[in-house]
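Only one structure is covered here, and it is reproduced in the block below.
The values are calculated or read from the model by the stated rules, or taken from the named source; none is laboratory data. Quantities reported herein were computed from a predicted structural model and do not represent experimental measurements. Cβ coordinates were reconstructed from backbone atoms using ideal geometry, including for glycine residues, and neighbour counts include every protein chain displayed.
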Amino acid sequence: MSFIPVHILLKEAETGEYAVGAFNCHNMEFIQAVVAAAEAEKAPVIIQASQGALKYGGINYIVALARAAAEEARVPVALHLDHGTSFTQVMQCLRAGFSSVMFDGSKLSLNDNINITREIVKIARPLNVSVEAELGKIGGAEDKNIVLEQEALFTDPAQAQYFVQSTEVDSLAVAIGNVHGHYKGRPALDFARLQKISSLVRIPIVLHGSSGLPDEAIKQAIRLGVRKVNIDTDIRDAFLSMVRQTLLQHPAENDPRQILGPARKAAQEVIQKKIRLFGSAGKVKI
């Protein structure tokens with residue numbers, strides 16, 4: 001099975017009123033964990049590669065790993081660029097075979113964000129590649145893309161409507177109190193803002209910074225129109241915690257497979273729990 005465009009997965013999610021999990025991957029074990037979890041839960045899934053992952057692994061390696069996983073998978077798998085911040089990088093991912101790209105122009109002026117996003121949509125649409133954009137600044141850090149707490153701006157609903165109409169993007173990432181990385185204190189999402197945005201833009205909403213959010217908050221966001229939920233930190237924490245535990249219990253172990261295998265399983269377990277939380281489990285007939 002080849003990569004599926006994200007907009008197709010999100011259209012089905014809209015009909016079924018659930019969300020599709022989008023999980024950041026950093027190496028082979030992460031990709032294997034994502035697909036194994038999706039197959040175990042019979043769910044569609046999105047493999048995400050951030051700028052940091054592409055720089056670390058190389059775009060060709062990441063695409064080859066993800067394609068191998070997708071071709072063997074019995075569930076729909078998409079490959080998505082997460083937080084692409086340059087036109088050039090987005091074009092590289094289109095040429096490499098990504099089925100979905102995100103252009104994050106949230107640090108640009110509104111007009112520049114619109115103009116670049118619109119140009120990307122014009123190029124991607126004939127290729128049947130989905131385009132996600134971001135409006136408002138989501139706090140925290142995604143690789144080296146850092147937004148300080150005082151710089152984080154919530155998405156304006158009216159501006160979101162104008163942005164979507166001007167760009168014709170397939171999905172929109174919004175800032176409603178969500179942050180990347182670990183939350184400081186109990187997170188509080190602005191659900192009234194989310195409901196207003198969803199009613200005005202009428203396209204799938206994407207929730208970034210979902211690791212650490214209470215389950216009920218995620219369920220409420222899905223009820224209000226979120227159809228793609230991004231998870232990274234929770235998977236990293238589970239993976240690395242198991243690596244540390246294994247090394248502590250077996251300090252003389254020198255076989256990477258014996259160290260990374262349990263970590264891969266721990267990551268898979270977290271991903272399966274998220275898939276069930278998002279309501280996408282059992283949506284694929286295997």
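Brief remarks follow.
- Complete set of residues in the stretch 19-29 that are under 15 Å from the mean Cα position of the chain (by Cα) and surrounded by fewer than 24 Cβ atoms within 10 Å (Cβ to Cβ): 26
- Checking residue 59 against (1) crowded, with 20+ Cβ neighbours inside 10 Å; (2) aliphatic (A, V, I, L, M); (3) farther than 23 Å from residue 263 by Cβ, the condition it does not meet: (1)
- Qualifying position, being of a type in the set (Gly, Ala, Ser) and closer than 21 Å to residue 280 by Cα, among 266, 188, 238, 192: 266
- Residue in the stretch 167-175 that is part of a helix (DSSP H, G or I), of a type in the set (Ser, Thr, Tyr), in contact (Cβ under 8 Å) with a residue 40 or more places away in the chain and in contact with a helix residue (DSSP H, G or I) (Cβ under 7 Å, 6 or more places away or on another chain) present: yes
- Hits in the stretch 45-56 - residues which are buried (at least 24 other Cβ atoms within 10 Å of the Cβ) and out of contact with any Asp or Glu (no Cβ under 6 Å at 6 or more places or on another chain): 45, 46, 47, 49
- Cross-chain or 6+ apart pairs with Cβ under 7 Å, the stretch 64-79 first and within 20 Å of residue 11 (Cα to Cα) and at pLDDT below 95, then acidic (Asp, Glu) and part of a helix (DSSP H, G or I): none
- Positions within the stretch 85-100 being buried (at least 24 other Cβ atoms within 10 Å of the Cβ) and not in a strand (DSSP E or B), in sequence order: 90, 93, 98, 99
- When residues of the stretch 1-18 are limited to those that are of a type in the set (Ser, Thr, Tyr) and part of a loop (DSSP other than H, G, I, E, B), the one surrounded by the most Cβ atoms within 10 Å (Cβ to Cβ): 18
- Unique match (being among the hydrophobic types (A, V, I, L, M, F, W, C), out of contact with any Ser or Thr (no Cβ under 8 Å at 6 or more places or on another chain) and surrounded by 21 or more Cβ atoms within 10 Å (Cβ to Cβ)) among 194, 260, 240, 200: 194
- Of all residues making up the stretch 222-232, the number that are crowded, with 21+ Cβ neighbours inside 10 Å and over 15 Å from the mean Cα position of the chain (by Cα): 1
- Residue 162 meets each of the listed conditions (1) at pLDDT 90 or above; (2) outside any helix (DSSP H, G or I) apart from (2).
- Those helices (runs of 4 or more DSSP H) lying entirely in the stretch 184-282 with at least 2 residues over 28 Å from residue 167 (Cα atoms): 215-223, 233-249, 256-278
- The residues of the stretch 244-286 that are within 30 Å of residue 14 (Cβ to Cβ) and in contact with a helix residue (DSSP H, G or I) (Cβ under 6 Å, 6 or more places away or on another chain), listed by number, are 267, 268, 270, 271, 272, 275, 277, 281.
- Check on residue 255, among the acidic types (Asp, Glu) and within 13 Å of residue 22 (Cα to Cα): no
- Annotation for the stretch 103-110: at least one member residue is in contact (Cβ under 8 Å) with a residue 40 or more places away in the chain and in a helix (DSSP H, G or I).
- Within the stretch 107-146, the set of residues being at pLDDT below 85, among the hydrophobic types (A, V, I, L, M, F, W, C) and buried (at least 21 other Cβ atoms within 10 Å of the Cβ) comprises just one member, 138.
- Residues of the stretch 30-44 that turn out to be part of a loop (DSSP other than H, G, I, E, B) and either buried (at least 24 other Cβ atoms within 10 Å of the Cβ) or in contact with an Asp or Glu (Cβ under 9 Å, 6 or more places away or on another chain) (or both), as a count: 2
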